[in-house]
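Each value in this text was obtained by applying a stated rule to the coordinates, not by laboratory testing. Treat the numbers as computed from the prediction; the structure is a model and nothing was measured. Don't worry about glycine lacking a Cβ; one is built from the backbone with ideal geometry, like all the others, and counts go over all protein chains shown.
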Ligand SMILES: [Zn+2]
Ligand SMILES: [Zn+2]
């Protein structure tokens, strides 16, 4: 699958945003403006002005919308929802090489509110996934009592668990057991 670096970054941000929701990560990880500012800094999101209470509410609304899109059962449902987001938030494609990055596309309108910025970039990234016919890569962790989301970018689409500490361990243990099975000779039948 051809997926550009900026699409991958946008998907990373989206997954992280969705996992801040109680329905995915298990608790509210964007409880206040400080948490939202931290989210912006952690992902080095560019062109973000001063944030207020309205931004927090709007970002949580975007999060709800994208949880719905992420869980869409058909490509058509996902496409309809994505089209609505792109129409509402205003998509403005332009090339940029800000902050020493190579040339890449930005789709949010200059000066857009943080929620619109996040919505537009996430919508475009998911639009590429829909176009590529790769929606099955949008996964939920299969570990019991974990509902975190992740995008499986593995070559053979075999990833089943998120990379949280507990599930990440599960991932390593599964890989270790698989290697052991391959390495050890078949058991000699008794009798
Ligand atoms: Zn950029
Ligand atoms: Zn998990």
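Considering just Cα atoms, how many Å³ per residue does the convex hull of the chain enclose? Please list the in-between numbers first.
Values: hull volume 29.7 nm³, N = 191.
So the per-residue Cα hull volume is 155 Å³.
Which FRET efficiency value, to the nearest 0.05, is calculated for residue 176 and residue 23 with the Förster distance at 25 angstrom and r the Cβ-Cβ distance? Walk me through the numbers before you get to the answer.
On the way: r = 31 Å, r/R0 = 1.25.
Efficiency, rounded to the nearest 0.05: 0.20.
Could you line up 6, 99, 16, 38 from fewest to most neighbouring Cβ atoms inside 10 Å? All intermediate terms of the calculation are to be shown ahead of the outcome.
Working: 6 19, 99 7, 16 16, 38 13.
By the 10 Å Cβ count, ascending: 99, 38, 16, 6.
Between residue 33 and residue 57, how many nm apart are label points set 7 Å from Cα along the C-beta direction?
1.4
Counting other beta carbons within 10 Å of each Cβ, put 76, 137 in order, fewest first. Could the numbers behind the result be given before it?
Details: 76 10, 137 17.
Exposure proxy ranking, most exposed first: 76, 137.
Helix 165-183 against the longest principal axis of the chain: what's the angle in degrees, Cα atoms only, rounded to the nearest 10?
Orientation of helix 165-183: about 40 degrees from the principal axis.
If a paramagnetic tag sat 7 Å from the Cα of residue 16 along the Cα-Cβ line, which residues of region 32-59 would have the backbone N under 12 Å from that point?
Flagged as within label range: 36-46.
Between residue 160 and residue 5, how high is the FRET efficiency from 1/(1 + (r/R0)^6) when r is the Cβ-Cβ distance and R₀ = 22 Å? Nearest 0.05.
Values: r = 25 Å, r/R0 = 1.14.
Efficiency for this residue pair is about 0.30.
How far, in degrees from 0 to 90, does helix 53-70 lean away from the longest principal axis of the Cα atoms of the chain, to the nearest 10?
Approximately 40 degrees, to the nearest ten.
To make sure I understand, if each residue's beta carbon is the centre and we count other beta carbons within 10 Å, what order do 27, 104, 117 fall in, fewest to most?
Working: 27 9, 104 14, 117 24.
Exposure proxy ranking, most exposed first: 27, 104, 117.
Using helices alone, I'd like the mean residue ellipticity at 222 nm for the chain: each DSSP H run of four-plus residues gives -39500 (n - 2.57), total over residue count, nearest 500. Don't skip to the answer; put the middle values down first.
Working: 7 runs with 98 residues, N = 191.
The helix-only estimate for the chain comes to -16500 deg cm²/dmol at 222 nm.
For helix 5-18, report the angle its Cα long axis makes with the longest principal axis of the Cα atoms of the chain; keep it between 0 and 90° and round to the nearest 10°.
Between helix and principal axis, roughly 90 degrees.
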